[in-house]
Amino acid sequence: MRINRRTGGGGIENSALSDLAFLLIIYFIVIAGFNINRGFLMNLPRKNSTRVLPREEILRFSMDQGGGLFFREQPLTLAGAAAEIRQALAERPNSAVVLTIDGKTPWQRVVSFVELAQQNAVDSFSFKMESPPEGMP
């Protein structure tokens, strides 16, 4: 008894797979073009930067756990902070703004202050957290 063996057929064509791969590549390239990144664009200092500022050019703000803003240990509103920043930048254009944040400060207050600094064209901005929020090491 003789068994007939089939040759070819039954497999997937290589040209169909290459077409599919090509279409997937095009698809991912097109999708990558729609990725919109929204955030704050600020000039950050370079790593290992050695820029030295005189104390008069550093504006130190702080926020307490309730979101209260302070400048030179005096309470201040965001509008007052904007006026202080504008005045300092008019006198010394290279001034830097430093914000010290309590770990329990509501994040929206911090974001509002960062927006304020961005709107007033602050080139050098820095912030640090005094104490970490509860539950964090």
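What follows draws every value from the coordinates through simple rules; no lab data is involved. Just so you know, these numbers come straight off a predicted model, no measurement behind them. Cβ sites come from the backbone with ideal geometry, for glycine too, and all protein chains shown count toward neighbours.
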- If we count other beta carbons within 10 Å of each Cβ, what is the order of 47, 104, fewest first? 47, 104
- Note on the structure: In nm, the gap between the two label points placed 7 Å beyond Cα toward Cβ at residue 53 and residue 108 is 2.9 nm
- Sort 25, 3 so the one with the fewest other Cβ atoms within 10 Å of its own Cβ comes first. 3, 25
- Task: Determine the relative contact order of the range 55-129: mean sequence separation of Cα pairs under 8 Å and six or more apart, normalised by residue count, in whole percent.
- Result: 38 percent
